[in-house]
1. Applying the selection to the range 311-354, what residues are open to solvent by 20 Å² or more (accessible area, probe 1.4 Å) and more than 23 Å from the chain's Cα centre (by Cα)?
2. From (1) under 15 Å from residue 200 (Cβ atoms); (2) assigned to a helix (DSSP H, G or I); (3) touching a Lys or Arg at 6+ places or on another chain (Cβ under 6 Å), pick out the condition that doesn't hold for residue 79.
3. With 175, 157 as the choices, which residue is closer than 23 Å to residue 70 by Cα and polar (S, T, N, Q)?
4. For the range 23-42, give me each residue that is open to solvent by less than 20 Å² (accessible area, probe 1.4 Å) and either of a type in the set (Gly, Ala, Ser) or within 30 Å of residue 5 (Cα to Cα) (or both).
5. Please state which of the following conditions residue 179 fails to meet, knowing it meets all the rest: (1) modelled with pLDDT of 95 or more; (2) within 17 Å of the chain's Cα centre (by Cα); (3) farther than 18 Å from residue 264 by Cβ.
6. Could you list, ordered by first residue, the pairs with Cβ atoms under 9 Å in which the first is in the range 293-310 and farther than 14 Å from residue 30 by Cβ and open to solvent by less than 60 Å² (accessible area, probe 1.4 Å) and the second is in a loop (DSSP other than H, G, I, E, B) and of a type in the set (S, T, N, Q), at least 6 apart or interchain?
7. Name every residue in the range 222-260 that is at pLDDT 95 or above and either touching a Cys at 6+ places or on another chain (Cβ under 9 Å) or open to solvent by 40 Å² or more (accessible area, probe 1.4 Å) (or both), in order of residue number.
8. Counting only residues that are surrounded by 11 or more Cβ atoms within 10 Å (Cβ to Cβ) and over 11 Å from residue 275 (Cβ atoms), which one in the range 4-15 is farthest from the chain's Cα centre (by Cα)?
Amino acid sequence: MLTLLPKLPLYWLYRKFGWPQILPFSVVVGVSYRCNSKCKTCDVWRKPNDDMTLEEWDKTFAKIGRGPLYFTFTGGEPFLRKDTAEMALSAYKHCRPSVITIPTNGILSKRVADQVDRICAGAPKAKIGINLSLDAIGQEHDEIRKVPGNWDKAMKTWQALKELQKKHDNLVLTTHTVISSFNIDKFFEIYAGLQFLDADSFITEVAEERVELDTMGWDITPMADKYAPAADFLSAEAKKRPAKGIAKITQSFRAQYYQIAKRTLYEHRQIIPCYAGWASCQIAPNGDIWSCCIRAESVGNLREHDYDIRPIWKGREMAALRQSIYQGKCSCPMANASYANMLLHPPTLTSVMLDALKQRTSPDL
């Protein structure tokens, strides 16, 4: 984060005046829509696939170069691709991000462990975050994911990842729960039931109707009144969770995020300015460039621009999409974009720093 701080004014200027046209510091890479889960909150597994090859991704990362600090490799199920590790290592080679995050349903235990092992070894100066998706406990998780035995396979994967942590000190293990209309009534039970995993952190995200996931009109987002107690609880837990250094700042950001997500559900507006399309973006599996996965509006394709994001990033279509976002014509509680937004919102950033400092100087710590 310290590397990013000097660049924050440049993103403020970019959003306000359209200059300087710098590349985003947070990039989400959709490796494939293919998935071996059939979740009640997602229909992405039905989408047709036209995935870019490893060679195409290597060209893309080479042309992006140094700049992005945070890469997320997502799906579908990212580890259905046998070369996801090579994709992540290509991004590390060319872009040198500080953080690489990959979510997984944990079904492919051996492949996940093998690829994570290679990524951690090949990207020693990056934090490698693996987020295991768990939306309930035991059979109830399998029912939401519509895959019998998913929970047991996920537990096997988790055990393998915990063993890898003994070998790689750059591996960060997180449990991740999508809070939806299917599990909101049991949220506190789910939270308590996942504590035995001893994750480095527990994160949640609100289930949303997304163009990317083909879930428009699915009514999967929990009601604001039901989500609010969970958000307040998660904020309180983040503030009191033992942590030091950068981890304490991360926890403070999470405490803020849950309150922003709660207000977004209540007020249906951008609670803080959105920087998707300036500071963050997503690349679809076929090379389409999006501001984010909520709108999933393509403004150009890498295959048509020699795998160079810059002409698309600076193009008219992207400018028009940014204008729509700037005018507040969309709002969402999506976590990935929200964390970038919080970094670029001085009042929130100040609140996070003061909160972290307060906890650091507390006599109870």
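1. 311, 314, 316, 317, 319, 320, 323, 327, 354
2. (1)
3. On the way: 157 fails: closer than 23 Å to residue 70 by Cα.
Step by step, each of 175, 157 is checked, and only 175 is closer than 23 Å to residue 70 by Cα and polar (S, T, N, Q).
4. Answer for the range 23-42, where residues must be open to solvent by less than 20 Å² (accessible area, probe 1.4 Å) and either of a type in the set (Gly, Ala, Ser) or within 30 Å of residue 5 (Cα to Cα) (or both): 24, 25, 26, 27, 28, 29, 30, 31, 32, 37.
5. If we test residue 179 against (1) modelled with pLDDT of 95 or more; (2) within 17 Å of the chain's Cα centre (by Cα); (3) farther than 18 Å from residue 264 by Cβ, just (3) comes out false.
6. That search, which allows pairs on different chains as well, returns 299/291.
7. Of everything in the range 222-260, those that are at pLDDT 95 or above and either touching a Cys at 6+ places or on another chain (Cβ under 9 Å) or open to solvent by 40 Å² or more (accessible area, probe 1.4 Å) (or both) turn out to be 223, 225, 226, 229, 232, 233, 259.
8. Let us first name the residues in the range 4-15 that are surrounded by 11 or more Cβ atoms within 10 Å (Cβ to Cβ), namely 4, 7-8, 10-15.
The next check asks that each one be over 11 Å from residue 275 (Cβ atoms); those that pass are 4, 7, 10, 13.
Details: 4: 18, 7: 21, 10: 23, 13: 25 Å.
Selected residue: 13.
The values are calculated or read from the model by the stated rules, or taken from the named source; none is laboratory data. Please read all numbers here as calculations on a predicted model, not as lab measurements. Ideal geometry is used to build each Cβ from the backbone, glycine not excepted, and the neighbour counts take in all protein chains shown. For the accessible areas, the whole protein counts, side chains as well, though only heavy atoms, and no ligand, DNA or RNA atoms are used. Shrake-Rupley method; radii C 1.70, N 1.55, O 1.52, S 1.80 Å.
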